[in-house]
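Before any comments, here is the structure.
The values are calculated or read from the model by the stated rules, or taken from the named source; none is laboratory data. All figures in this text were calculated on a predicted structure; none of them were measured in a lab. Neighbour counts run over all protein chains shown; Cβ positions are idealised from the backbone, glycine included. We work out accessible area using only protein heavy atoms, side chains counted, and drop any ligands, DNA or RNA first. Shrake-Rupley method; radii C 1.70, N 1.55, O 1.52, S 1.80 Å.
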Amino acid sequence: MPFHGALRCGWGSGLLLVACIAGSAGGNVVTDTTFSADPTEPNLSGFVRVKLASVPTATVAVTPTIVNVAPSETAPPQIISAVPLQFTSVNWNSWQSVVVQAVDDDIADGATSFELAFSGTGGGTIAPIPNVGGTVVDDDTSGLNAIRSTASEPNEDGTVIVSFTYTLMSEPDAAVTVTFSNSDAAEGTIAPLGPLVIMPAAWNTPNVVQFSCVDDAVDDDGVTWDATWTVMAGGETTGYTAITPTTQVFTCVDNDHTVVTDTTF
């Protein structure tokens, strides 16, 4: 908010700016210049204190509002304390707090900025009150969860099949595609092999993919093959464009055995 009135600022120990006074005769409003703490997801809050600098001629009401929220913030912070603040000739010099709480979302949108604006009425002429800037701290991370079903290796006879359950760590703003590749289709299979498409609304819905060994007639116990999954973000997704591909090595447990006999009686 542009400020055109008189502005006086107070300095604390160590030359720390603690409060500014905005106003003219009859309506000086004092606020902290920073939040007590950054509002942090999922539901932590911070506050800004407000009071008057002089006795008002009548009750002064100060109404705070959240403005100038960063476009990337999908869940703007909220004021959870009682508003407007009421100041009289009795309590004009007592601090009152405006408490702002972060609103939890499932999107990895990083630290986002906002401002706390004020408007005042009553008690004489009240000059514009400077906005106080704040930051919402995010608690979400972009990534792919891959949970393995068993520590055992897959068997050729199919008695042990390894599966991975995939979910996203946070909600994207567009579909995320996970592709799979197989280093040796003669030794191992991936089912389903086709791309796994995860929609934003289903970001935490489990998706199961199975990894098994091919049953052949060759005594090749201990042969290995690799499966690699790669996150291919579709559209302008939040944080899903720079995830390193993951390679999983499988060692097949064979069910074939070479028969050895004596060459003579």
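Quick look at the numbers
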quantity	calculated
Members of segment 139-195 found to be among the small types (Gly, Ala, Ser) and either surrounded by 17 or more Cβ atoms within 10 Å (Cβ to Cβ) or over 14 Å from residue 228 (Cα atoms) (or both), listed by number	142, 143, 149, 151, 152, 158, 170, 174, 175, 186, 188
Some residue of segment 114-127 being open to solvent by less than 60 Å² (accessible area, probe 1.4 Å), touching an Asp or Glu at 6+ places or on another chain (Cβ under 9 Å) and assigned to a strand (DSSP E or B)	yes
Residue 52 being over 24 Å from residue 137 (Cα atoms) and either crowded, with 19+ Cβ neighbours inside 10 Å or at pLDDT 95 or above (or both)	yes
Tally, over segment 219-263, of residues that are out of contact with any strand residue (DSSP E or B) (no Cβ under 7 Å at 6 or more places or on another chain), open to solvent by less than 60 Å² (accessible area, probe 1.4 Å) and modelled with pLDDT under 85	6
Those residues of segment 140-160 which are modelled with pLDDT of 95 or more and touching a Ser or Thr at 6+ places or on another chain (Cβ under 7 Å), in sequence order	145, 146, 147, 149
